[in-house]
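The values are calculated or read from the model by the stated rules, or taken from the named source; none is laboratory data. The structure presented is a predicted model; accordingly, all values stated were derived computationally and were not measured. Cβ atoms come from the backbone with ideal geometry, glycine included; neighbour counts cover every protein chain shown.
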Amino acid sequence: MNINSVINESKIFLKKSFIKTAQLDSEILLAEVINKNREYIILNQNHTVNKESYYQFKTLVEQRSKGKPVAYLVGKKDFWNYQFQINEHVLIPRPDTEIIVEQVLKITKFKSNLMILDIGVGSGCILLSVLKEKKNSRGIGIDLSKKSVEISKLNALNLGLLNRLKIFKTDVDNFNFGKYDLIISNPPYINKLDLKYLDKDVINFEPNIALDGGLEGISVISKVINKSSELIKKKGKLILEISFNQREKVKKLLINKGFYINKILKDYAKNDRCIISTKI
Ligand code: GLN
C-alpha cells in the first residue's frame, strides 16, 4: 500500500469514530511510524508503506479512534520554540499557555539573573521555555507528581538546562525554599463539578491531578497564591493561568495576600486566561 491509500483508509475509519481531525491525525501518526515529518507524507503520496509500519500505524489509529490524544500516541508536543517529551502523567502543553511565556518575556525584557519558580511544572513546558530564552536566569520547578518530575527533568536534559534548573517532587504547602523574582503557575483550575463537561479526549486521558481545581476550581490556585506571597521577593511578579470565569475570585485572593493586579490577558478564544500581579 502507498501513503495515499493508508492515509485514506485511516481517515475514513477515524471519521466514523467522530474524530474531527482525521486527516491531520492520520498524517502525524504515519509520519511518526515511518520516521519522517508531515511534509514528507504530503509530498510523497506514492511512497510504499511496508507491512510492519502499516500494522504499527493501525495500532495507533485504533487507539486514536478511542479518543487517545495524538500527543500521547507520539509522546511529544511542540510548545513555544521547543519540543517536549510527554506521557499520560502530564498535561499536554496547550498553545494558549504560550501566552504565559510571552508575557514573562515581555515583563522581564530588561532584566536578567532572575530566580524563577514554576508551581506545578508538569512537562516543564512553561519554565523550560522561559529559561531557554533568559540565558542568565535560574529556575526551580515543583510538582506533586513523581512522573512529572521525571519527564520534566528529561526535558531539561534534552534542552541543556540542567545546570540552571532544579525540579522537586513536593506539595506546594510543604515547599519553603528560596526567594523568587518571578513565580509562574498553570495550576489545576477546573471546578470539580465541571470536570464532566470537558472534552472526552481530555477527561478520559489527561491526568485528573492536573485538571481538578477542587471546589469552584480555586483550591489549588489559592494555595499557590498563599505560598507565592511567602516566597516572592518584594516587587516580584506572579503570573497565573486561570479559567475564563475566575477573574474576580482570583483578583480577590491576590489582593488579600498583598498583590497588586497589573493586567488580565485573554486567550485565542477571547476568554480570560492569564493574570499578572506584583507583590507590593
Ligand atoms: N505547567 C504545565 C503546563 O502548563 C502543567 C500544568 C498542570 O499540570 N496543571 O502544561
Can you list the helices (runs of 4 or more DSSP H) found entirely within region 44-134 that contain at least 2 residues being within 15 Å of the ligand (Cβ to nearest atom)? 70-74, 98-107, 125-133
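Looking only at region 189-201, filter to residues that are in contact (Cβ under 8 Å) with a residue 24 or more places away in the chain and under 23 Å from residue 17 (Cα atoms); which one of those is nearest to the ligand (Cβ to nearest atom)? Working first, answer last.
Residues of region 189-201 that are in contact (Cβ under 8 Å) with a residue 24 or more places away in the chain, as a first pass: 189-192, 200-201.
From what's left, under 23 Å from residue 17 (Cα atoms): 200-201.
Values: 200: 19, 201: 16 Å.
Per the criteria, the residue is 201.
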Within region 10-18, identify whether any single residue is of a type outside the set (Phe, Trp, Tyr), modelled with pLDDT of 95 or more and not in a helix (DSSP H, G or I), and answer yes or no. yes
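Does region 178-188 contain any residue that is outside any strand (DSSP E or B) and more than 14 Å from the ligand (Cβ to nearest atom)? Even if it seems obvious, please write down each step before you answer.
Let us first name the residues in region 178-188 that are outside any strand (DSSP E or B), namely 178-179, 186-188.
Pick out the ones that are also more than 14 Å from the ligand (Cβ to nearest atom) and you get 178-179.
Scanning region 178-188, I find at least one residue that is outside any strand (DSSP E or B) and more than 14 Å from the ligand (Cβ to nearest atom), so the answer is yes.
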Among residues of region 54-82 being among the small types (Gly, Ala, Ser) and buried (at least 18 other Cβ atoms within 10 Å of the Cβ), the residue nearest to residue 95 (Cα to Cα) is 71
Test: residue 224 is closer than 23 Å to residue 117 by Cα and within 16 Å of the ligand (Cβ to nearest atom): yes
